[in-house]
1. Looking only at the chain, where both bridge partners belong to it, what percent of the DSSP beta bridges are antiparallel (to the nearest 5)?
2. As a test of the formula, what do you get for the chain when each DSSP H run with n ≥ 4 contributes -39,500 (n - 2.57) and the sum is divided by the residue count, at 222 nm and rounded to the nearest 500 deg cm²/dmol?
3. For Ile4, list long-range residues whose amide hydrogen, built 1.01 Å from N in the peptide plane, is under 5 Å from its own amide hydrogen.
4. Quick check: pseudo-label points 7 Å beyond the Cα along Cα→Cβ at Glu41 and Gln213, how many nm apart are they?
5. Which value in Å is the Kirkwood Rh of the chain over different Cα pairs?
6. Using amide H atoms built 1.01 Å from N in the peptide plane, name the residues 5+ places from Ala262, or on other chains, whose amide H lies under 5 Å from its own.
7. If a cysteine in the chain has no other Cys Cβ under 4.7 Å from its own Cβ, put it on the list, ordered by number.
8. Taking DSSP loops as anything outside H, G, I, E and B, show the longest stretch in the chain free of GluC sites (Glu not before Pro) there with at most 11 other beta carbons within 10 Å.
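Values quoted throughout were computed directly from the atomic coordinates according to the rules given, and no laboratory measurement underlies them. The structure presented is a predicted model; accordingly, all values stated were derived computationally and were not measured. Note that each Cβ is placed from the backbone with ideal geometry, even for glycine, and that neighbours are counted across all protein chains shown.
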Amino acid sequence: MAGIYIHIPFCRQACTYCDFHFSTSLNIKKEVVAAIKTELELRKNYLNEPVETIYFGGGTPSLLSAAEIDAIIEAIFKNYAVDLKECTLEANPDDLAKSYLTELAKTKVNRLSMGIQSFNDGVLKWMNRTHNSQTAIAAVKDAYRSGIQNISIDLIYATPNSTVKDIEKNLSIALSLPVNHLSAYCLTAEEKTVYGKMVSTGKISEAEQENAQQQFLFLVHRATENGFEQYEISNFCKNENYAMHNTSYWKNRNYLGIGPSAHSYNGTSRQWNLKNNFSYVKAIKENTSFLR
Ligand code: SF4
């Protein structure tokens, strides 16, 4: 079993804590999508086994139109042996209008991983997220009604000044929604992020370790008593709806990473793509190396 990861390196705005590779300039989105399709063709011999999972991560893959997503999936089917079990799209709630979900449900995408992070509007604002809690709640319900019913949501706990009460409130909303998977991450201050700089200059303090630990223990307790199985430190699912693509990383299986900054592993070696959107597109167009 192998997987293909597609990195979509664009976001509407930069979240306070994020150190993934993305650009807020969407000018070359079309060129990046074209380069991704070309890279898929160029690397069609990288994997020697059928592709069972496809994962669109980012960045914000839901900035792509359903037609662009469909075209990338088509390029995978054209160039690889595929026995598709799971096709996940990471999505931000504010991109999931009903009309978009209707179009998405016609593609092979059968799982959504929604970046909700919090249901507290003050915290969402501090994180510089583009959505609010009402948008997030509506997006989960609309996605479920659209027919994409394999839904995961991301939450972040141990934000500055937070307590167990905050994770409790977040979970009470999350667990009332039609989701079968939950990923909950402890906020960490990465060096080059806005949050990292706030912490290093003393403008803000990270949650104390003991407080973060209490929030984590509460999370595990509340999720499991609501029928979620903790199958990885930060990941919980209902009814064995494990995240197949991510599980394959943890099991050391082979994967091909396509797009700027994506990583690949074929069992013997690892490869890393260029981490700059312009350099990546140029290298693909000029048929020079797009690896770092
Ligand atoms: S939307 Fe996701 S990838 Fe983009 S800046 Fe925010 S956390 Fe990072």
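1. 25
2. Computed mean residue ellipticity for the chain: -11000 deg cm²/dmol.
3. Thr53, Ile54, Tyr55, Leu256
4. In this crude spin-label approximation the distance works out to 5.6 nm.
5. One over the average 1/r among Cα pairs gives 19.7 Å for the chain.
6. Asn273
7. Cys11, Cys87, Cys186, Cys237
8. Details: sites that count: Glu191, Glu208, Glu240, Glu286.
Between the exposed loop sites, the longest stretch runs 1-190.
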